[in-house]
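The values are calculated or read from the model by the stated rules, or taken from the named source; none is laboratory data. Predicted model only: the values in this text are computed from it and were never measured. Positions of Cβ are generated from backbone atoms using ideal geometry, with glycine treated the same way; all protein chains shown enter the neighbour counts. Surface areas here come from the heavy atoms of the whole protein model, side chains and all, with no ligands, DNA or RNA. Shrake-Rupley method; radii C 1.70, N 1.55, O 1.52, S 1.80 Å.
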Amino acid sequence: MLNNSPFALIAAAFFAAVAMTFAGVPSAFAMQKMLVGPVAFEVADNFKEVAGKTPSIHQDASGITVEAAELPLEALHEFKGQAFLDFLASLKYTNAAYADGALKRGDAYTYVLADAKGPQGPESRFLLVLGGEGRAAIVTAYAPKSEFENGHASRAAIEAILSSAAIVPAGGKP
């Protein structure tokens, strides 16, 4: 019924014009690969490296920080179960809980959501333990709770970053 209507033709022309207008415009969400310690990530192009003791990257717009540190291979088996949650509690993490299956990953991993107190107040923390290339690592992604509340940070954004995490060979590049 709408196939030959003037509305359908005008709408089709409008959407074609819009598509042509934006065809050559770079995405506002261009991605880059970044190496943080032993782990490579796909992140938005406005993430920057942070100088400090722990390798990390940060996005000013969202307040999201991602840190990564190498672990002994045994950690892949030890950082599981109630003992790992108890360890996090000893570090003043609260509300720690496993989020099995939340990440789009094909490998074995441990994933925990928790709360913690950071320099800017309460934070949401996302911890990923993963292995590969004969190595193991722990990734901690976090942002102030205020950034989640105001819509600048989101669990989905952090989980997309963590889903992209890949351990690189010792001395390797992303």
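Some notes on this structure:
- Within region 155-170, at least one residue is closer than 26 Å to Gln32 by Cβ, touching a strand residue (DSSP E or B) at 6+ places or on another chain (Cβ under 8 Å) and among the hydroxyl-bearing types (Ser, Thr, Tyr).
- Hits in region 143-166 - residues which are part of a loop (DSSP other than H, G, I, E, B) and either among the acidic types (Asp, Glu) or touching a Leu at 6+ places or on another chain (Cβ under 7 Å) (or both): Ala165
- Restricted to region 116-154, and to residues there that are at pLDDT below 95 and out of contact with any strand residue (DSSP E or B) (no Cβ under 7 Å at 6 or more places or on another chain), the residue that is least open to solvent (accessible area, probe 1.4 Å) is Gly134.
- The set of residues in region 56-98 that are in a loop (DSSP other than H, G, I, E, B) and more than 14 Å from the chain's Cα centre (by Cα) comprises Asp60, Ala61, Pro72, Leu73, Glu74, Phe79, Lys80, Leu91, Lys92, Tyr93.
- Residue count for region 92-106, restricted to those that are farther than 22 Å from Phe41 by Cβ and open to solvent by 90 Å² or more (accessible area, probe 1.4 Å): 2
- Inter-residue pairs, beta-carbon under 6 Å, first within 15 Å of Tyr111 (Cα to Cα) and in region 68-95, second open to solvent by 50 Å² or more (accessible area, probe 1.4 Å) and in a loop (DSSP other than H, G, I, E, B), 6+ apart: Ala68/Pro55
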